[in-house]
Amino acid sequence: MRGKTVLIAESGGITRLTLNRPDKLNAFTMEMHGELRAALEAANASPDCRVVVLTGAGRAFSAGQDLAEVGGPTDPATSDAGSRLESAYNPLIRLIASLEKPVICAVNGIAAGAGANVALACDLVFAARSASFLQAFARIGLVPDSGGTWTLPRLVGPARARGLAMLAEPLSAEKAEAWGLIWKAVDDDKLEAEVSAVAGKLAAAATYGLALSKQAIAASSTNTLARQLDLERDLQRLAAASPDAREGIGAFLEKRPPRFTGRKS
Ligand code: T3D
């Protein structure tokens with residue numbers, strides 16, 4: 001299936017979404033937001049989708065907001081950055097964070113501005129060794145958005161978060177891995193194969209359990225240990241009642257590989 005600004009390919013439980021404005025480094029337009037949100041919502045609703053892979057066409061992952069679409073301060077129709085965040089970026093980040101399937105980001109090239117923070121909102125981030133992450137906002141007088149001011153200090157600590165936000169220098173994929181910002185930097189020519197292998201593994205995994213794990217880890221950022229233990233108890237109850245947990249335990253006891261379906265019940 002082919003959208004205009006987001007390409008969609010579905011196969012073997014994997015939904016691959018490719019941001020597709022390579023001439024503009026896959027900068028986000030409102031059209032792209034609409035297509036991406038619709039594709040993610042469809043993936044979430046589809047029992048055939050067990051994992052989502054998000055990547056970019058061409059030499060960049062995404063250069064963030066399309067600055068040509070922003071307009072000038074004298075154009076009231078396009079000048080309200082806050083409403084663009086409220087109507088497009090914030091729902092996108094919330095959707096990725098709450099998606100009941102793992103979301104892998106394959107950062108194929110530079111990820112700048114909101115493009116970087118959309119990538120960092122994903123569950124597992126792989127980046128080509130030549131890729132980089134650029135909190136470009138300070139270069140144009142803006143504030144990191146799309147969850148950047150929440151994600152960065154949690155992943156790399158406040159000192160590095162401030163450096164990234166204020167200096168707006170590109171951070172290489174290797175350093176991003178070393179700092180714990182992403183899961184893994186991969187040789188450019190191996191990115192696709194490595195991401196496909198991991199996606200294949202997740203497409204055969206106990207999807208509902210993964211969704212509950214994602215929910216628990218997200219909740220930990222505001223929970224006390226006591227509340228988190230209660231949450232783990234509640235989520236474990238749900239997971240343990242699922243067909244995949246029954247299958248996983250049965251397969252272990254029968255000394256055979258599990259055959260997970262990803263179903264909740
Ligand atoms: O108001 C709101 O909506 C608030 C929300 C803000 C969210 C944000 O994301 S703000 C941050 C926006 N992004 C940026 O500031 C990054 C802008 N881009 C760059 O700094 C550079 O392009 C890069 C460092 C990412 C890459 O540089 P380089 O030299 O490899 O490529 P280039 O030549 O600059 O770009 C190639 C083409 O893509 C070029 O078009 P052309 O001249 O060939 O027709 C360039 O204009 C275009 N492009 C790159 N980034 C954007 C863009 N066009 C529109 N918007 C962009 N963000």
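The values are calculated or read from the model by the stated rules, or taken from the named source; none is laboratory data. Source: prediction; values computed, not measured. Cβ coordinates were reconstructed from backbone atoms using ideal geometry, including for glycine residues, and neighbour counts include every protein chain displayed. In case anyone asks, the SASA skips ligands and DNA or RNA and just uses the protein heavy atoms, side chains included. Shrake-Rupley method; radii C 1.70, N 1.55, O 1.52, S 1.80 Å.
Right, ILE104: on the phi < 0 side of the Ramachandran plot, modelled with pLDDT of 95 or more and within 16 Å of the ligand (Cβ to nearest atom) or not?
Considered against the rule, which asks whether it is on the phi < 0 side of the Ramachandran plot, modelled with pLDDT of 95 or more and within 16 Å of the ligand (Cβ to nearest atom), ILE104 comes out as no.
Answer yes or no: is there a residue in segment 138-145 that is under 28 Å from ASN44 (Cβ atoms), touching a residue at least 12 places away in the same chain (Cβ under 8 Å), crowded, with 18+ Cβ neighbours inside 10 Å and of a type outside the set (Lys, Arg).
Checked against the condition, which is being under 28 Å from ASN44 (Cβ atoms), touching a residue at least 12 places away in the same chain (Cβ under 8 Å), crowded, with 18+ Cβ neighbours inside 10 Å and of a type outside the set (Lys, Arg), segment 138-145 yields at least one hit.
Taking into account only those residues within segment 17-69 that are crowded, with 21+ Cβ neighbours inside 10 Å and among the charged types (D, E, K, R), which is farthest from ASP80 (Cα to Cα)?
ARG50
For ALA128, which of the numbered conditions (1) within 16 Å of the ligand (Cβ to nearest atom); (2) open to solvent by 10 Å² or more (accessible area, probe 1.4 Å) fails to hold?
Answer for ALA128: the failing condition is (2).
Are any residues in segment 216-239 hydrophobic (A, V, I, L, M, F, W, C), loosely packed, with under 12 Cβ neighbours inside 10 Å and under 25 Å from ASN44 (Cα atoms), and if so, which ones?
ILE217, the sole residue that qualifies.
Do we find that ARG139 is out of contact with any Phe, Trp or Tyr (no Cβ under 8 Å at 6 or more places or on another chain), at pLDDT 95 or above and part of a helix (DSSP H, G or I) in this structure?
On the way: out of contact with any Phe, Trp or Tyr (no Cβ under 8 Å at 6 or more places or on another chain): yes; at pLDDT 95 or above: yes; part of a helix (DSSP H, G or I): yes.
Here the answer is yes, as ARG139 does meet what is asked.
Restricting attention to segment 192-202, does a residue exist that is touching a helix residue (DSSP H, G or I) at 6+ places or on another chain (Cβ under 9 Å) and buried (at least 16 other Cβ atoms within 10 Å of the Cβ)?
Scanning segment 192-202 turns up at least one residue that is touching a helix residue (DSSP H, G or I) at 6+ places or on another chain (Cβ under 9 Å) and buried (at least 16 other Cβ atoms within 10 Å of the Cβ).
Confirm whether SER221 is under 20 Å from the mean Cα position of the chain (by Cα) and modelled with pLDDT under 95.
Judged against the criteria, SER221 is a match.
Looking at segment 146-163, which of its residues are under 18 Å from ARG84 (Cα atoms), surrounded by 19 or more Cβ atoms within 10 Å (Cβ to Cβ) and more than 11 Å from the ligand (Cβ to nearest atom)?
Matches in segment 146-163: GLY147 only.
In the list ALA81, ALA68, ALA116, which residue meets the criterion of being within 14 Å of the ligand (Cβ to nearest atom) and at pLDDT 95 or above? First the steps, then the outcome.
Details: ALA81 fails: at pLDDT 95 or above; ALA68 fails: at pLDDT 95 or above.
Being within 14 Å of the ligand (Cβ to nearest atom) and at pLDDT 95 or above holds for just one of ALA81, ALA68, ALA116, which is ALA116.
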